[in-house]
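Colleague: Pasting a structure here, questions to come.
The values are calculated or read from the model by the stated rules, or taken from the named source; none is laboratory data. Predicted model, so just to flag it, every value in this text is computed and none were measured. Note that we place each Cβ from the backbone using ideal geometry, even for glycine, and neighbour counts take in every protein chain shown. Heads up: the accessible areas ignore ligands, DNA and RNA and are worked out on the full protein's heavy atoms, side chains in. Shrake-Rupley method; radii C 1.70, N 1.55, O 1.52, S 1.80 Å.
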Amino acid sequence: MFDKILVPVDGSRASSRAVHVAADLASRFGAEVIVLHVHEHEYIYGVDAAPEKLDEAVDLVDHHVRSMKDSGLSARGAVVSRPFGRTDRAIPDAVDEENIDLIVIGTRGLSDRIRLLLGSVAHKV
């Protein structure tokens, strides 16, 4: 039913729960899991002002991929860079590029009004 599952991660508890759900589904359907992290950056006066280091992003993805592989699942990771506020666009791009069958994405469970004010990647996707 599912051959490729995309699970975007950001280091939050909600994304960690999504990783567990994606792993469970992958084990049931024999699917490959692609763990995606969008490394946001912004240039201020010519200096890259990223809220996290690229190494931290890679470590986050590698942690989840190793965990899945240790459980016998097929998994690989991807870190893509996008300008700040463009995370939601990177996910559909990955779906198209990888021919993804299912996206498993965590959400904090905010109300619709708060999501409109704060923004929610899951809601936008």
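Colleague: If I stretch the segment between residue 93 and residue 1 completely, what's the gain in nm (0.36 nm per residue apart, minus their alpha carbon distance), one decimal?
Modeller: My answer for the length gained is 31.0 nm.
Colleague: What accessible area per residue, rounded to a whole number of Å², is obtained for the range 1-101 using a probe radius of 1.4 Å?
Modeller: Result: 60 Å² of accessible area for each residue.
Colleague: Here's something else I'd like to know. Please list the non-local residues whose amide H lies under 5 Å from the amide H of residue 33, H modeled 1.01 Å from N, same-chain partners needing a gap of 5 or more.
Modeller: 5, 74, 75, 76
Colleague: Name all residues of the range 65-102 having a backbone nitrogen under 16 Å from the label point set 7 Å from the Cα of residue 52 along its Cα→Cβ direction, giving them as ranges.
Modeller: Under 16 Å, as judged by backbone N against the label point of residue 52, lie 65-67, 77-91 of the range 65-102.
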